[in-house]
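Step one of this worksheet: look at the structure below.
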Amino acid sequence: MDFFYFFVTGSEAWEPHYHENFFNVQGGFLWGFIGALIIGVIVACAFYFGCCNSSKTGKSANIGVWAVSLCLCAVISYFYADFVVIGDSKTTDNNSVFRTHSFYKANDDYFIKVTSQPGVSQTLIDDLTQKRNEIKYNLDKGGDVRFDFDITTAVLAVIFFFITSVIVKRFTINGKTIPFEKP
């Protein structure tokens with residue numbers, strides 16, 4: 001998944017302990033990718049089978065409505081990545097969808113896991129504490145890798161929307177020429 005999220009891994013904020021743990025080990029990239037796939041496919045299918053599949057919806061089967069659906073797909077996936085995958089530091093309920101798989105919870109869990117091992121040096125604990133607090137502060141301000149991850153997930157959702165459009169449009173009544181006539 002590093003390949004798709006090269007903006008995140010190439011960011012100056014990328015830190016080998018916390019970021020590597022969440023995005024690669026715990027599947028943060030995978031959650032973003034799968035979320036983008038699901039959102040892209042669902043929104044595209046909703047457009048084609050909702051707006052383009054009956055004689056009553058013929059007027060809404062046009063490129064303008066398709067473009068709005070594409071933008072809606074990008075916005076939904078951006079907020080999915082921001083609120084669900086990255087999360088919010090103010091969410092304290094560990095069972096909340098906004099906390100369960102979030103970057104914040106993964107950072108806290110990683111810190112507890114590493115620092116609870118016997119023989120851990122105080123220097124490592126201090127470094128991890130400082131880095132965890134710095135990441136939390138930057139994420140709260142909209143920095144760190146939040147924007148890069150959110151935008152990449154939105155772009156992936158748009159790509160999946162487009163691919164689904166090309167595949168599904170031939171099975172509709174009024175949507176065969178949207179966004180273009182062939183294939």
- Message: Considering only residues that are among the aromatic types (Phe, Trp, Tyr), part of a helix (DSSP H, G or I) and either farther than 25 Å from residue 4 by Cβ or out of contact with any Gly (no Cβ under 7 Å at 6 or more places or on another chain) (or both), which ones fall in the range 155-183?
- Response: 162, 171
- Message: Suppose we filter the range 50-78 for residues that are over 24 Å from the mean Cα position of the chain (by Cα), hydrophobic (A, V, I, L, M, F, W, C) and surrounded by fewer than 16 Cβ atoms within 10 Å (Cβ to Cβ); how many remain?
- Response: 1
- Considering (1) modelled with pLDDT under 80; (2) closer than 28 Å to residue 127 by Cβ, say which one residue 97 fails and leave the rest. (2)
- Query: Name the residues in the range 129-183 that are under 18 Å from residue 111 (Cα atoms), in contact (Cβ under 8 Å) with a residue 60 or more places away in the chain and of a type in the set (A, V, I, L, M), would you?
  - Reply: 135
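Table: residues versus (1) closer than 15 Å to residue 12 by Cβ; (2) open to solvent by 10 Å² or more (accessible area, probe 1.4 Å).
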{"position": "127", "(1), (2)": "no, yes"}
{"position": "132", "(1), (2)": "no, yes"}
{"position": "146", "(1), (2)": "yes, yes"}
{"position": "153", "(1), (2)": "no, no"}
{"position": "157", "(1), (2)": "no, no"}
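Rundown of residues vs (1) more than 21 Å from the chain's Cα centre (by Cα); (2) among the acidic types (Asp, Glu), yes/no style:
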{"position": "124", "(1), (2)": "yes, no"}
{"position": "134", "(1), (2)": "yes, yes"}
{"position": "156", "(1), (2)": "no, no"}
{"position": "165", "(1), (2)": "no, no"}
{"position": "171", "(1), (2)": "yes, no"}
- Exactly one of (1) over 25 Å from residue 35 (Cβ atoms); (2) under 23 Å from the mean Cα position of the chain (by Cα) is unmet by residue 112. Its number? (2)
- Selection from the range 1-30 of residues buried (at least 21 other Cβ atoms within 10 Å of the Cβ) and either polar (S, T, N, Q) or part of a helix (DSSP H, G or I) (or both) yields 8, 18, 19, 22, 23, 28, 29
- Query: Which residue pairs have Cβ atoms under 7 Å apart, sit 6 or more places apart or on different chains, and have a first residue in the range 101-128 that is assigned to a loop (DSSP other than H, G, I, E, B) and a second that is open to solvent by 80 Å² or more (accessible area, probe 1.4 Å)?
  - Reply: 101/31
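The values are calculated or read from the model by the stated rules, or taken from the named source; none is laboratory data. Just so it is clear, the model here is predicted, and its values are computed rather than measured. We place every Cβ from the backbone using ideal geometry, glycine too, and count neighbours over all the protein chains shown. We work out accessible area using only protein heavy atoms, side chains counted, and drop any ligands, DNA or RNA first. Shrake-Rupley method; radii C 1.70, N 1.55, O 1.52, S 1.80 Å.
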